[in-house]
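S.K.: Right, I'll just put the structure down here and ask away after.
The values are calculated or read from the model by the stated rules, or taken from the named source; none is laboratory data. Just so it is clear, the model here is predicted, and its values are computed rather than measured. With ideal geometry, Cβ positions are generated from the backbone for all residues, glycine too; neighbour counts draw on all protein chains shown. The protein model used for the area step is the full one, side chains on, heavy atoms only, and it has no ligands, DNA or RNA in it. Shrake-Rupley method; radii C 1.70, N 1.55, O 1.52, S 1.80 Å.
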Amino acid sequence: FASIFQVAKTNTTVLILGETGTGKELVARAVHQASNRRNRLMVKVNCSALPAEMIESELFGHEKGAFTNAFETKIGKFELANHSSLFLDEIGEMPVHLQTKILRALQEKEIERLGGKSVIRTDIRIVAATNRDLQKETEEGKFRSDLYYRLNVFPIEVPPLRERKEDIPLLARHFLNKHAKNAAGKVEEIGEKVIGQLMQYDWPGNVRELEHVIERSLIGAKNGMLKEVHLPAKNKRMALQSLASEYIQTAEEAERDHILFVLEKCRGRIFGAGGAAEILGLPPSTLNSRIKKLKIKSKHQYSVK
């Protein structure tokens, strides 16, 4: 969040790095929403989802008659994103022959439609994301080094879920609330055993996998509590074995530690922009109630009303 707010108000190009499912698009949207361009829609292009022969037209547009079946003029994503942000998702999948045109568009801030004769000036903030090691790919000649350095002005690395397991209880509850309507009955709680299993799993699919697991597990949940979670068989056995030999925090302990961690980072400030309530996504009154209930004491002074 510090990196997001530091760069958001500038026009600097941002490169978001992280494994699949870590939430790179959410980071991109946060950069856009905190920027001076937030009143315009952020335009997104998934570079891995388009056939190679369509990417150039998708990005830069084309004039009527530019190629077979070009029956009308098409506005490309660069034009659509003028005065806004353009999110190039999975930029590492961009074909090498198009990387030169992307570089020119970034450097010169101008484009040409396919079949067009005029130059179109653009004012775009580029946010790119990839799950690949672009530095390694530049060394191997798979990605242009000049484009890499142009994109890598302000990198933001999103850590995998296995490196921030303290977030799992909060994320699990968030997804429970989001998908509870799919349960057979009203489900409001997650059993401590389930939290323990979730904490022991390595989450190769990261936050996206966690959401899918919670959603799937809720389908058979009953009696107001999620008591069983559907993890891949091998990892589930490992998690249960680990539970037998290691102490696992209860959900309440994990929540207490996380709130205390955020309070320390905010130097005890609860209210206002950048305060603990805003970072945790809670109303200040709710956070104060949790502080009281969990008997949290910070070395910093803070207001509890």
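S.K.: Residue separation times 0.36 nm, minus the C-alpha to C-alpha distance between R121 and L282: what's the value?
M.R.: Length difference between fully extended and current span is 53.7 nm.
S.K.: R0 = 22 Å: FRET efficiency of T12 with R132, Cβ-based, nearest 0.05?
M.R.: Efficiency computed from Cβ-Cβ geometry: 0.55.
S.K.: When the chain is fully extended, how far beyond the present Cα-Cα distance does N82 get from N177, taking 0.36 nm per residue of separation?
M.R.: 30.5 nm
S.K.: Hey, another quick one. Nearest 5 percent is fine: what portion of the DSSP beta bridges confined to the chain is antiparallel?
M.R.: Looking only at bridges with both residues in the chain, the antiparallel portion is about 15 percent.
S.K.: Which net charge results for the neighbourhood of K117, defined as the other residues with beta-carbon distances under 14 angstrom from its beta-carbon, given Lys and Arg at +1 and Asp and Glu at -1?
M.R.: -1
S.K.: Continuing with this model, one more query. Count the net charge of all other residues whose Cβ sits under 11 Å from the Cβ of P169, scoring Lys and Arg as +1 and Asp and Glu as -1.
M.R.: Local charge sum for P169: -4.
S.K.: Given axes a ≥ b ≥ c from the Cα gyration tensor, I'd like to know whether the stretch 1-147 is rounded (a/c under 1.5), prolate (a/b larger than b/c) or oblate.
M.R.: Note, shape of the stretch 1-147 comes out oblate.
S.K.: Just the projected area, averaged over all directions, of the convex hull on the alpha carbon atoms of the stretch 54-138: how many nm²?
M.R.: Dividing the Cα hull surface by four gives the mean projection, 5.8 nm².
S.K.: Another one. With a Förster radius of 30 Å, plug the Cβ-Cβ distance of K222 and E253 into 1/(1 + (r/R0)^6) and report the FRET value to the nearest 0.05.
M.R.: Plugging the Cβ-Cβ distance into 1/(1 + (r/R0)^6) gives 0.70.
S.K.: What does the charge count around L17 come to, taking other residues whose C-beta lies under 10 Å from its C-beta (Lys +1, Arg +1, Asp -1, Glu -1)?
M.R.: Here the charged neighbours net out to -1.
S.K.: Write down the accessible area per residue of the chain in Å², having rolled a 1.4 Å probe over the full set of protein chains.
M.R.: Computed with neighbouring chains in place, this is 55 Å² per residue.
S.K.: Would any residue of the stretch 38-77 have its amide N under 20 Å from a label point 7 Å out along Cα→Cβ of A273? List them or say none.
M.R.: Inside the label zone: 38-40.
S.K.: Separation of the stretch 36-101 and the stretch 176-209 by C-alpha centroid, Å?
M.R.: Each part reduced to its Cα centre gives a spacing of 37 Å.
S.K.: If you fit an axis through the alpha-carbon atoms of helix 168-179 and take the longest principal axis of the Cα set of the chain, what angle between them do you get, 0 to 90°, nearest 10?
M.R.: 80 degrees
S.K.: Under the definition of Cα pairs under 8 Å and six or more residues apart, what whole-number percent is the relative contact order of the stretch 17-104?
M.R.: Dividing the mean separation by the residue count of the stretch 17-104 yields 34 percent.
S.K.: For the chain, find the longest principal axis of its Cα atoms and tell me its angle to the long axis of helix 96-108, 0 to 90°, nearest 10.
M.R.: For 96-108 against the chain, the angle is about 90 degrees.
S.K.: Using a 1.4 Å probe on the protein heavy atoms, what percent of the accessible area of the chain belongs to carbon and sulfur?
M.R.: Summing carbon and sulfur atoms, their accessible area is 50 percent of the total for the chain.
S.K.: Follow-up. Between (i) 23.3, 70; (ii) 20.9, 70; (iii) 19.6, 74, which matches Rg and Dmax of the Cα atoms in Å calculated for the structure shown?
M.R.: Read-out taken from this structure: (i).
S.K.: Moving on. Y149 to R290: extension gain in nm, 0.36 nm per residue of separation minus the Cα-Cα distance?
M.R.: 46.2 nm
S.K.: Be a star and scan the stretch 26-46 for residues whose amide nitrogen sits under 14 Å from the point 7 Å along the Cα-to-Cβ vector of I75.
M.R.: 40-44
S.K.: Return the FRET efficiency for the residue pair E110, E157: r is the Cβ-Cβ distance, R0 is 35 Å, and the value is rounded to the nearest 0.05.
M.R.: For E110 and E157, the calculated efficiency is 0.65.
S.K.: Taking Cα atoms, how many degrees apart are the long axis of helix 251-265 and the longest axis of the chain, rounded to 10 and kept between 0 and 90?
M.R.: 60 degrees
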